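I have placed the structure first, in the form of structure tokens, so that the comments after it can refer back to it.
The values are calculated or read from the model by the stated rules, or taken from the named source; none is laboratory data. Since we're looking at a predicted model, the values are computed, not measured. A quick note on method: Cβ atoms are made from the backbone with ideal geometry, for glycine too, and the neighbour counts reach across all protein chains shown.
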């Protein structure tokens, strides 16, 4: 369909739209996809009943990394005497830090709105969209007052926090990543359920901003997806900052104690997994970070026959096609990577394939970071993954280097962590890296690029690095590769 005569972005949309494509939800794939499609001369209706930009901009990456900076400044101010700088008592203005965070979020959201608004051919429908069957060879997507008809539909609705079935949870105030940034007064004691990436990042942030923090994790270790020694290092780092970690434990009941001071008003009954011994923990606030659920149950997928799995995620092919031709699922809902960067790449894959390309999400190398301070950067296999593959005859080389022996880390006073790489012994290609330490979230992408380029490890080993940097130690590390046993 030609874009001539397409309704402007901010006009009240007509009750019926006939367009080339509909996008439901505005996660990280949606806006760049809409802009790119209109640049090809297509018309697009974008349905969004909430805030533009999805989780990343509004309740995820943007606010948490902004607040993380305030927390880091406070942390470094407390460390100032180590560097010969005396600043006196450090006082955190929690409300001001939160207002700064909100301002950055608003600016990011406004930037997305301007970008989308500059694309002629887009109609933004400020309503929750859902499938409502077919109209001939077109799909019908319906909001509260607007119905769109299109031959192609892209679902980019993301996920939301999972609240576990804990006795009393529905009777007490609960924080999640979606509402924690609305706080303007620091919790005196923040109890966090879940010792994975979201819980650990927020736990460290709030500890540095002045809260007491306790983290409850059911597994034997926090960050249990990582190798045991990496998890142990992270635990040591967080405990050194005064965070209480309770592993192999679960909360079986929560309640409010109206007679207690606000700092102790929330009572959690915690059970140790192996001994079944119970005890009470008291806190002022409760944050739940125990996983995510897909936002698919209200999409009317059954009206057009789109298959979902037992948890509601939408299975897709490598080209991100659902079980119904003409419908794609992008981002978290397709269970092919619960990250902003995978969602963004999903839109690139779809666009390339629409013009005859052959891009696929099959074989996509897992790449991510945990934004504690210092951060964890991960790409490809862990040592645990590699050892599992060794039972099938695979052979690997590995090498590690402690951050305390990295010149730049010593100069910066940031010596926590380790750098570890994995190489396939037969192909001499990188297969993974686990980096914990200063700049690890950036540095790990060097290994990611080597994997993407299918380059032998000797290319990086023999490269000329810049001094003094952390990355310059890759040649040193690669010079001491030994077989993984």
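Go through (1) within 26 Å of residue 451 (Cβ to Cβ); (2) touching a strand residue (DSSP E or B) at 6+ places or on another chain (Cβ under 9 Å); (3) touching a residue at least 40 places away in the same chain (Cβ under 8 Å) one by one and return the number of the condition residue 314 breaks.
(1)
Here are some residues: 390, 419, 450. Which one is modelled with pLDDT of 95 or more and either farther than 20 Å from residue 479 by Cα or assigned by TED's automatic domain parsing to the domain that holds residue 316 (or both)?
390
Among the residues of the range 275-293, is there at least one that is without any contact (Cβ under 8 Å) to a residue 60 or more places away in the chain, more than 28 Å from residue 176 (Cβ to Cβ) and crowded, with 18+ Cβ neighbours inside 10 Å?
Within the range 275-293, not a single residue is without any contact (Cβ under 8 Å) to a residue 60 or more places away in the chain, more than 28 Å from residue 176 (Cβ to Cβ) and crowded, with 18+ Cβ neighbours inside 10 Å.
Hey, can you tell me all the residues within the range 318-360 that are in contact with a helix residue (DSSP H, G or I) (Cβ under 6 Å, 6 or more places away or on another chain), part of a loop (DSSP other than H, G, I, E, B) and either at pLDDT 95 or above or not assigned by TED's automatic domain parsing to the domain that holds residue 53 (or both)?
Correct list: 319, 320, 330, 359.
Working carefully through the options 39, 77, 45, find the one that is closer than 30 Å to residue 188 by Cα and in the same structural domain as residue 298 (by TED's automatic domain parsing).
From the options 39, 77, 45, the qualifying one is 77.
How many residues, within the range 178-187, are touching a helix residue (DSSP H, G or I) at 6+ places or on another chain (Cβ under 6 Å), buried (at least 16 other Cβ atoms within 10 Å of the Cβ) and in a loop (DSSP other than H, G, I, E, B)?
Of the residues in that region, 1 qualify.
In contact with a helix residue (DSSP H, G or I) (Cβ under 7 Å, 6 or more places away or on another chain), buried (at least 17 other Cβ atoms within 10 Å of the Cβ), assigned to a strand (DSSP E or B) and in the same structural domain as residue 22 (by TED's automatic domain parsing): which single residue out of 112, 124 fits that description?
124
Taking the range 127-176 on its own, how many of its residues are closer than 20 Å to residue 289 by Cβ, touching a strand residue (DSSP E or B) at 6+ places or on another chain (Cβ under 6 Å) and in a strand (DSSP E or B)?
Counting residues in the range 127-176 that are closer than 20 Å to residue 289 by Cβ, touching a strand residue (DSSP E or B) at 6+ places or on another chain (Cβ under 6 Å) and in a strand (DSSP E or B) gives 4.
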